[in-house]
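Asker: Please read through the structure below; I'll follow up with questions.
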Amino acid sequence: MKSAESISIKITGLSLFLVFTFNACGQDRNVKHQTMTTNSVSKPENPYYSNTDTSRLNLSDAEWKKILSDDVYEVSRHAATERPFTGKYWNADLKGTYYCAACGRKLFRSEAKFASTCGWPSFFEQDDSNSTRLKPDNSLGMVRTEVLCGRCGGHLGHIFDDGPPPTGKRYCMNSIAMDFIPDNK
Ligand SMILES: [Zn+2]
């Protein structure tokens, strides 16, 4: 009798473990799922994402963690920096528009992008005056200016004064913090 009970408990334990594992994998897949159409990016797991809404977002860190993939979360919410020459856009020259990967805000046009040797996608101007916000950043023993998304406040990169004309600015961005939608042909 004892033996039968013991087996039953073991089987129940195994079932729970399998259910839990299955759910965990399912959530993981959902978080990373994203599809791209011609004119907008669809991120079903992120209800705040929009390529047209410019109203400010103010979400808690816990909410961002739930709706962003791990790599976007680390850059956008914790100001991580991707390694140079590794991002998907540093060397890209297609015509189109760059959007915030966390909230979908329109950030840059490809016409403002220039070939930079720094290994990160670089732009000399933002799309409109509210696309990004700037914030002093004295971390890591350096005096820099951080570039944040104008809508969600997510970290995008830094801005420097060594860019080309007409602005002389260099918005040095993380590829992972942006989505790109090519122009219609
Ligand atoms: Zn954003």
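Asker: Which of the residues that make up region 118-148 are farther than 17 Å from TYR73 by Cα and either in a strand (DSSP E or B) or not assigned by TED's automatic domain parsing to the domain that holds LYS106 (or both)?
Answerer: At the first step, the residues of region 118-148 found to be farther than 17 Å from TYR73 by Cα are 118-145.
Passing the criteria: SER122, PHE123, THR132, ARG133, LEU134, LYS135, PRO136, ASP137, ARG144, THR145.
Asker: Right, next: From LEU94, LEU107, which residue is of a type in the set (A, V, I, L, M) and either within 13 Å of the ligand (Cβ to nearest atom) or more than 27 Å from PRO166 (Cβ to Cβ) (or both)? Step through it out loud before you land on a result.
Answerer: Values: LEU94 fails: either within 13 Å of the ligand (Cβ to nearest atom) or more than 27 Å from PRO166 (Cβ to Cβ) (or both).
The match here is LEU107.
Asker: If HIS158 passes every condition in (1) surrounded by 20 or more Cβ atoms within 10 Å (Cβ to Cβ); (2) in a loop (DSSP other than H, G, I, E, B); (3) not β-branched (Val, Ile, Thr) but one, which one does it miss?
Answerer: Of (1) surrounded by 20 or more Cβ atoms within 10 Å (Cβ to Cβ); (2) in a loop (DSSP other than H, G, I, E, B); (3) not β-branched (Val, Ile, Thr), only one is false for HIS158: (2).
Asker: Among (1) within 24 Å of PRO44 (Cβ to Cβ); (2) touching a residue at least 12 places away in the same chain (Cβ under 8 Å); (3) surrounded by 15 or more Cβ atoms within 10 Å (Cβ to Cβ), which single condition is LYS88 missing?
Answerer: Every condition holds for LYS88 apart from (3).
Asker: Has region 71-82 got any residue that is within 16 Å of the ligand (Cβ to nearest atom), in the same structural domain as TYR171 (by TED's automatic domain parsing) and surrounded by fewer than 13 Cβ atoms within 10 Å (Cβ to Cβ)? Don't jump to the end; show me each part of the working.
Answerer: Just the residues of region 71-82 that are within 16 Å of the ligand (Cβ to nearest atom), to begin with: 71-80.
So of that shortlist, the ones also in the same structural domain as TYR171 (by TED's automatic domain parsing) come out as 71-80.
Within this subset, residues satisfying the condition of being surrounded by fewer than 13 Cβ atoms within 10 Å (Cβ to Cβ) are 78.
Checking region 71-82: at least one residue is within 16 Å of the ligand (Cβ to nearest atom), in the same structural domain as TYR171 (by TED's automatic domain parsing) and surrounded by fewer than 13 Cβ atoms within 10 Å (Cβ to Cβ).
Asker: For the structure I just gave you, tell me whether ARG151 is within 16 Å of the ligand (Cβ to nearest atom) and not in a loop (DSSP other than H, G, I, E, B). Please lay out each step first, then the result.
Answerer: Details: within 16 Å of the ligand (Cβ to nearest atom): yes; not in a loop (DSSP other than H, G, I, E, B): no.
No: the conditions fail for ARG151.
Asker: One residue is enough: does region 173-184 have a residue meeting the conditions of a type in the set (Phe, Trp, Tyr) and either touching a Lys or Arg at 6+ places or on another chain (Cβ under 7 Å) or modelled with pLDDT under 95 (or both)? Please lay out each step first, then the result.
Answerer: Let us first name the residues in region 173-184 that are of a type in the set (Phe, Trp, Tyr), namely 180.
Still in the list and also either touching a Lys or Arg at 6+ places or on another chain (Cβ under 7 Å) or modelled with pLDDT under 95 (or both): none.
Within region 173-184, none of the residues are of a type in the set (Phe, Trp, Tyr) and either touching a Lys or Arg at 6+ places or on another chain (Cβ under 7 Å) or modelled with pLDDT under 95 (or both).
Asker: Counting only residues that are charged (D, E, K, R) and within 26 Å of ALA62 (Cβ to Cβ), how many does region 136-185 have?
Answerer: Narrowing region 136-185 to residues charged (D, E, K, R): 137, 144, 146, 151, 161-162, 169-170, 179, 183, 185.
Subsequent filtering for residues that are within 26 Å of ALA62 (Cβ to Cβ) retains 137, 146, 151, 179.
The qualifying residues number 4.
Asker: Ok, one more. From LYS95, LYS135, LYS113, which residue is crowded, with 18+ Cβ neighbours inside 10 Å, over 17 Å from the mean Cα position of the chain (by Cα) and of a type outside the set (A, V, I, L, M)?
Answerer: Values: LYS95 fails: crowded, with 18+ Cβ neighbours inside 10 Å; LYS135 fails: crowded, with 18+ Cβ neighbours inside 10 Å.
Criteria check complete, one pass: LYS113.
Asker: Within region 162-179, is even one residue more than 16 Å from the ligand (Cβ to nearest atom), part of a strand (DSSP E or B) and surrounded by fewer than 20 Cβ atoms within 10 Å (Cβ to Cβ)? Steps first, please.
Answerer: Taking region 162-179 and keeping what is more than 16 Å from the ligand (Cβ to nearest atom), we get 162-170, 172.
Remaining after also requiring part of a strand (DSSP E or B): 170, 172.
Adding the requirement that they be surrounded by fewer than 20 Cβ atoms within 10 Å (Cβ to Cβ) leaves none.
For region 162-179, residues more than 16 Å from the ligand (Cβ to nearest atom), part of a strand (DSSP E or B) and surrounded by fewer than 20 Cβ atoms within 10 Å (Cβ to Cβ): absent.
The values are calculated or read from the model by the stated rules, or taken from the named source; none is laboratory data. Since this is a predicted model, take the numbers as computed values, not measurements. Neighbour counts are summed over all protein chains in view; Cβ atoms, including those assigned to glycine, are modelled from backbone coordinates with ideal geometry.
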